[in-house]
1. Exactly one of these conditions fails for Asn29: (1) more than 15 Å from the chain's Cα centre (by Cα); (2) surrounded by 15 or more Cβ atoms within 10 Å (Cβ to Cβ). Give me its number.
2. Of everything in the stretch 46-66 that's in a loop (DSSP other than H, G, I, E, B) and of a type in the set (Ser, Thr, Tyr), which residue is surrounded by the most Cβ atoms within 10 Å (Cβ to Cβ)?
3. Take Arg39 and tell me if it is in a strand (DSSP E or B) and either surrounded by fewer than 19 Cβ atoms within 10 Å (Cβ to Cβ) or in contact (Cβ under 8 Å) with a residue 12 or more places away in the chain (or both).
4. Hey, among Lys117, Lys77, which residue is of a type in the set (Lys, Arg) and modelled with pLDDT under 90?
5. Considering (1) closer than 18 Å to His22 by Cα; (2) at pLDDT 90 or above, say which one Val95 fails and leave the rest.
6. Does any residue in the stretch 13-32 that is within 22 Å of Thr57 (Cα to Cα) come within less than 6 Å, Cβ to Cβ, of a residue that is aromatic (Phe, Trp, Tyr) six or more places away or on a different chain, and which pairs are these?
Amino acid sequence: MVKDIATGLHYVHHEYEPTVLHRDIKANNIMIDSTFQGRLGDFGLACVVPHGKNSYTDTGAPGTIGFRAPEYIQSGKATTKSDIFAFVVLILEIVTGKAAVDAQFRHLTDWVWHHHKEGRLLNAVDSQLTMDHDQPNPSDRPNMVDAVKIITKLAPPPDVPLEKPRFVWPPNEGYSLNSDYNHRAE
């Protein structure tokens, strides 16, 4: 399902003309069709990026708390990168079984970064997804064939620093919200 949503986002970001920014990617906006494929829905906050531009500026930063990227909240400029941030939060919700923001308004991303910094990232994974890897009896643990079937065709994870990088605003020199990182496949 994650692959289906990623494919849909790729389409509206890179294949459809003009580029569409969803601006409200979250579990409530994912639908499942009759073949159990995930479909991105509710384009009520979506916006079209004018040709030659790579961002859309709005008053405020519409979207759902916990899914809005820090730079989007600060600048009001939605980009493909702000959609990607929300997509990653959606994945974290799936993997951890937790909401994007808890009752005390703590963000899931901060909680995951904390676990990563402490070297306990696997502790953040929902126990229903761990496939009983910690069973004392080896015959009760899955083999890698089963694990690969669950996590199919994913690239190796990137190297990630132990500490969550600090959010810097305004961005460092050399980075611009107006820079063209919205490349299209040719």
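1. Tallying (1) more than 15 Å from the chain's Cα centre (by Cα); (2) surrounded by 15 or more Cβ atoms within 10 Å (Cβ to Cβ), Asn29 fails exactly one: (1).
2. To start, the set of residues in the stretch 46-66 that are in a loop (DSSP other than H, G, I, E, B) comprises 46, 49-55, 58-66.
Of the ones still in play, those that are also of a type in the set (Ser, Thr, Tyr) are 55, 59, 64.
Details: Ser55: 24, Thr59: 6, Thr64: 18.
So, considering only residues that are in a loop (DSSP other than H, G, I, E, B) and of a type in the set (Ser, Thr, Tyr), the one surrounded by the most Cβ atoms within 10 Å (Cβ to Cβ) is Ser55.
3. Working: in a strand (DSSP E or B): yes; either surrounded by fewer than 19 Cβ atoms within 10 Å (Cβ to Cβ) or in contact (Cβ under 8 Å) with a residue 12 or more places away in the chain (or both): yes.
For Arg39, the condition - in a strand (DSSP E or B) and either surrounded by fewer than 19 Cβ atoms within 10 Å (Cβ to Cβ) or in contact (Cβ under 8 Å) with a residue 12 or more places away in the chain (or both) - is met.
4. Numbers: Lys117 fails: modelled with pLDDT under 90.
None of the others qualify; the one that does is Lys77.
5. (1)
6. Leu21/Tyr56; Ile25/Phe87; Lys26/Phe67
The values are calculated or read from the model by the stated rules, or taken from the named source; none is laboratory data. Keep in mind that this is a model prediction, so the values were computed, not measured. Methodologically, a virtual Cβ is constructed for each residue, glycine included, from the backbone with ideal geometry; neighbour enumeration extends over all protein chains shown.
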